[in-house]
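To start, the structure itself, in structure tokens.
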Amino acid sequence: MKPRTLTVLGATGTVGRSTLEVARLHADRLSVRALTANRDAAGLFELCRAHSPAVAVLADEVAARELRERLQAARLTVEVRSGAGALAEVAADADLVMSSIVGAAGLMPTLAAVRAGRRVLIANKEPLVMAGRVLLAEAQRSGATLIPIDSEHNAIFQCLPRGFRCGTADPGVRKVVLTASGGPFRDTPLADLERVTPAQAVRHPNWVMGPKISVDSATMMNKGLELIEAQLLFGLPGDSIEVVLHPESVIHSLVEYADGSMLAHLGQPDMRVPIAHALAHPERWESGVSGLKLAELGRLNFQPVDLRRFPALGLARDALRAGGILPNVLNAANEVAVEAFLNGRIAFTRIADAIARTVEAAGAARLPGDDSLEAVLEVDAWARRAASAQLEGRRAAHA
Ligand code: NDP
């Protein structure tokens, strides 16, 4: 059989690289069509050397020039393109598209893949949170297949009946349970959270991930975004999605059915597992990851989440309940606040505070509430401005 083509958006990131590791094990089934990144010309060059895509795209034009020079010097024939238009073009032009850009920057290329009716492997959760209804409506129109890559959502997808399509609801499901490790600050004294550093925040106990999602895991906004993602993908009311702390990250999530049965998905905390599942679906392929040694694990632990420690999760739950534009506002404010924290401009505890104030301000602002892409982009831009102004104002007040 002819290999299917694969495009990896965000190839230089942790999910992108894991995707290419799995794809390399299946070179007879998958041919890499395009690889993309933002600015990392050196990283993308090495990936071009290893995976020989037909096209490489860098969002940044200067970085694209550097990549072209490196490829020429190494006598590698890869077409190099740059800019947002090129990202969307390659996203629409492969059988399988891994959406693994970080943040809202992934919205337009993911949308292009969905509109083109591709199988879209969704790691990049932020576009779903900001524009979930737009993406699901487009998928319905184009026939695109969405498969979640987030380990929790992929676990749920695997526990749902065969043939389940994301964006629909299974009537037999009573609820889903998302597991959360609690991140690096699960046991840090509350009074010390004010002083934790970006370096501490990105040191996740169980997973190796990019800086933004690592901070989101530390605040547990990541679980909040996942709540919203789960509601969209699995067609459940927000109150039917539970979050439980599970420090070992062995059970990746569970589905509870109407008859009281609970199905769980277990595996190593390694993104190659959900990635291989989604690439192979409905078959099963080698991922390069071993199974678990249950007797060595001994026991698994579960605890409720303390919202005093993780206020961001409470904010996300409120936004999910309120619906409308608030998940989009929450997401944009979070991106602005996380960047400010990573750049050393604000304390860790200010992240949730900035989000709460921006969401509150959205209530008083005149913002479009319809489900159009234009409205989504307008709200996103407003929330970024509002969050930045809020952070600047507070900094000025302290100065
Ligand atoms: P990384 O930070 O490791 O990688 C991000 C990728 O996106 C890089 O290739 C980066 O390119 C590219 N990128 C960043 N900004 C832009 C932009 N403006 N335009 C185009 N490309 C851009 O992120 P992760 O791999 O950790 O996460 C990716 C997504 O997957 C996130 O949405 C995250 O929430 C989700 N996810 C990640 C998991 C994980 O284990 N890491 C698990 C589940 C979900 P460059 O290198 O040039 O900056």
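The values are calculated or read from the model by the stated rules, or taken from the named source; none is laboratory data. Predicted model, so just to flag it, every value in this text is computed and none were measured. Ideal geometry is used to build each Cβ from the backbone, glycine not excepted, and the neighbour counts take in all protein chains shown. Protein only, heavy atoms only, side chains kept; ligands, DNA and RNA dropped before computing areas. Shrake-Rupley method; radii C 1.70, N 1.55, O 1.52, S 1.80 Å.
Here are the numbers:
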read-out: Residue check for Arg317: farther than 30 Å from Val97 by Cβ, under 19 Å from the mean Cα position of the chain (by Cα), of a type outside the set (Gly, Ala, Ser) and at pLDDT 95 or above; value: yes
read-out: Residue list for region 107-126, restricted to those being under 17 Å from the mean Cα position of the chain (by Cα), assigned to a loop (DSSP other than H, G, I, E, B) and charged (D, E, K, R); value: Lys125
read-out: Near pairs, Cβ below 9 angstrom, 6+ apart or cross-chain, from region 214-229 (under 16 Å from Thr197 (Cβ atoms) and near the ligand (Cβ under 10 Å from one of its atoms)) to any residue that is at pLDDT below 95 and open to solvent by 10 Å² or more (accessible area, probe 1.4 Å); value: Ser214/Arg203; Ser214/His204; Ser214/Trp207; Ser214/Val208; Ser217/His204; Ser217/Trp207; Ser217/Met209
read-out: Residue under evaluation Gln72, criteria (1) away from the ligand (no atom under 16 Å from the Cβ); (2) open to solvent by 40 Å² or more (accessible area, probe 1.4 Å); (3) touching a residue at least 24 places away in the same chain (Cβ under 8 Å); (4) not charged (D, E, K, R), criterion not met; value: (3)
read-out: Every residue from region 101-126 that is more than 10 Å from the ligand (Cβ to nearest atom), surrounded by fewer than 22 Cβ atoms within 10 Å (Cβ to Cβ) and among the small types (Gly, Ala, Ser); value: Ala116, Gly117
read-out: Those residues of region 134-157 which are part of a helix (DSSP H, G or I), open to solvent by less than 50 Å² (accessible area, probe 1.4 Å) and more than 15 Å from the ligand (Cβ to nearest atom), in sequence order; value: Val134, Leu136, Ala137, Glu138, Ala139, Ser142
read-out: Some residue of region 164-179 being closer than 15 Å to Asn222 by Cβ and surrounded by 24 or more Cβ atoms within 10 Å (Cβ to Cβ); value: yes
read-out: Some residue of region 195-210 being surrounded by 24 or more Cβ atoms within 10 Å (Cβ to Cβ), within 16 Å of the ligand (Cβ to nearest atom) and either under 19 Å from Ala278 (Cβ atoms) or basic (Lys, Arg) (or both); value: no
read-out: Residue match in region 384-391 (condition: open to solvent by less than 40 Å² (accessible area, probe 1.4 Å), on the phi < 0 side of the Ramachandran plot and at pLDDT below 95); value: yes
read-out: Evaluation of Leu225 against (1) within 17 Å of Ala316 (Cα to Cα); (2) surrounded by fewer than 23 Cβ atoms within 10 Å (Cβ to Cβ) (one fails), failing number; value: (2)
read-out: Condition broken by Asp306, with the remaining ones in (1) surrounded by 11 or more Cβ atoms within 10 Å (Cβ to Cβ); (2) assigned to a loop (DSSP other than H, G, I, E, B); (3) in contact (Cβ under 8 Å) with a residue 60 or more places away in the chain satisfied; value: (3)
read-out: Qualifying residue in region 82-93 (condition: more than 27 Å from Ala144 (Cβ to Cβ) and open to solvent by 80 Å² or more (accessible area, probe 1.4 Å)); value: no
read-out: Residues of region 1-42 that turn out to be over 18 Å from the mean Cα position of the chain (by Cα), open to solvent by 10 Å² or more (accessible area, probe 1.4 Å) and near the ligand (Cβ under 9 Å from one of its atoms), as a count; value: 2
read-out: Qualifying residue in region 81-100 (condition: farther than 23 Å from Leu121 by Cβ, hydrophobic (A, V, I, L, M, F, W, C), within 14 Å of the ligand (Cβ to nearest atom) and at pLDDT 95 or above); value: no
read-out: Residue among Val129, Val57 that alone is assigned to a strand (DSSP E or B) and buried (at least 22 other Cβ atoms within 10 Å of the Cβ); value: Val57
read-out: Every residue from region 75-92 that is in a helix (DSSP H, G or I) and free of Cβ contacts under 8 Å to residues at least 12 places away in the same chain; value: Gly85
